[in-house]
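To keep things clear, I will list the structure first and then write my remarks on it.
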Amino acid sequence: MKPKYKRILLKLSGEALMGDGAYGISRPTIEGIVAEIAAVQKQGVEIGVVIGGGNIFRGVALGASGMDRATADYMGMLATIMNALALQDAMRHAGIASRVQSALNVEQVVEPYIRGKAIRYLEEGKVVIFAAGTGNPFFTTDTAAALRASEMGAEVVLKATKVDGVYTSDPKTDSGAKRYERVSFDEAIQRNLKVMDATALTLCRDQRLPVCVFSIFRQGALARVVAGHDEGTLVHV
């Protein structure tokens, strides 16, 4: 499959790394995700990854109840750094060159985020994993994905989830739910389709940056999305 896009931004939720667990990281699951990424990288596609932290932070969320929002958000950012290191380690075992750049300074562990270096890494064929969200509380990792994609000059944001697209209603509870093949940003915002938060969607719309929501657990789905096939839901201007 010939790739439609030269440079992509893949948004991975922390929950995608859990497998069937309640929280934490499933090594077989992360290895499966890395295999999907490797198949696309071999085609010469430049790949940036923004990763969430819900799989780790969810495990301490009960203890964080009543916590100051900014403090909780910083804890979530640290969780994304842990996930980024786990992803990088799995990539190293798979023979994929990658770099982790963090919006929070933890220089003994990961590089600080520097836009010029990140772009150079992408041009060299390395996967760049962006950790710690935007580095600011009150912003989601979806917004971080929209921001980094815009900064990197990515052609599309690929939001990898457990569901194979955006539906008219929850397919788990509504057997009549239908998947959107394509939907506009304005419609997604107006209908509150839960594609991304409103800040992320608005930024992508303003930058004319399409978003594709798909299931990372369907074998070969990432390659099909990158090839421009009908996979998942494309959100467009």
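The values are calculated or read from the model by the stated rules, or taken from the named source; none is laboratory data. Quantities reported herein were computed from a predicted structural model and do not represent experimental measurements. No Cβ is skipped: glycine too gets one built from the backbone with ideal geometry, and neighbour counts run over all protein chains shown.
Restricting region 3-20 to residues that are out of contact with any helix residue (DSSP H, G or I) (no Cβ under 6 Å at 6 or more places or on another chain) and either of a type in the set (V, I, T) or free of Cβ contacts under 8 Å to residues at least 12 places away in the same chain (or both) leaves a set whose member that is farthest from E155 (Cα to Cα) is D20.
Within region 96-107, residues that are in contact (Cβ under 8 Å) with a residue 40 or more places away in the chain and of a type in the set (V, I, T) sit with their Cβ atoms under 9 Å from residues that are part of a loop (DSSP other than H, G, I, E, B) and surrounded by fewer than 21 Cβ atoms within 10 Å (Cβ to Cβ), at 6+ positions apart or across chains, in these pairs: I96/K126. Checked against (1) assigned to a helix (DSSP H, G or I); (2) within 16 Å of I30 (Cα to Cα); (3) modelled with pLDDT of 85 or more, I96 meets all criteria but (1).
For region 211-235, residues that are farther than 18 Å from K42 by Cα, surrounded by fewer than 19 Cβ atoms within 10 Å (Cβ to Cβ) and either of a type in the set (S, T, Y) or modelled with pLDDT of 95 or more (or both) total 1. The helices (runs of 4 or more DSSP H) found entirely in region 107-203 that carry 2 or more residues being of a type outside the set (S, T, N, Q), in contact with a Ser or Thr (Cβ under 9 Å, 6 or more places away or on another chain) and over 22 Å from N55 (Cβ atoms) are 185-190. Pairs linking a residue in region 131-145 that is modelled with pLDDT under 95 to a residue that is surrounded by fewer than 19 Cβ atoms within 10 Å (Cβ to Cβ) and not charged (D, E, K, R), with Cβ atoms under 6 Å and 6 or more positions apart or on different chains, are P137/A70. Any residue at all in region 152-163 that is modelled with pLDDT of 95 or more, acidic (D, E), within 24 Å of Q207 (Cα to Cα) and touching a Phe, Trp or Tyr at 6+ places or on another chain (Cβ under 6 Å)? Yes, region 152-163 has at least one match.
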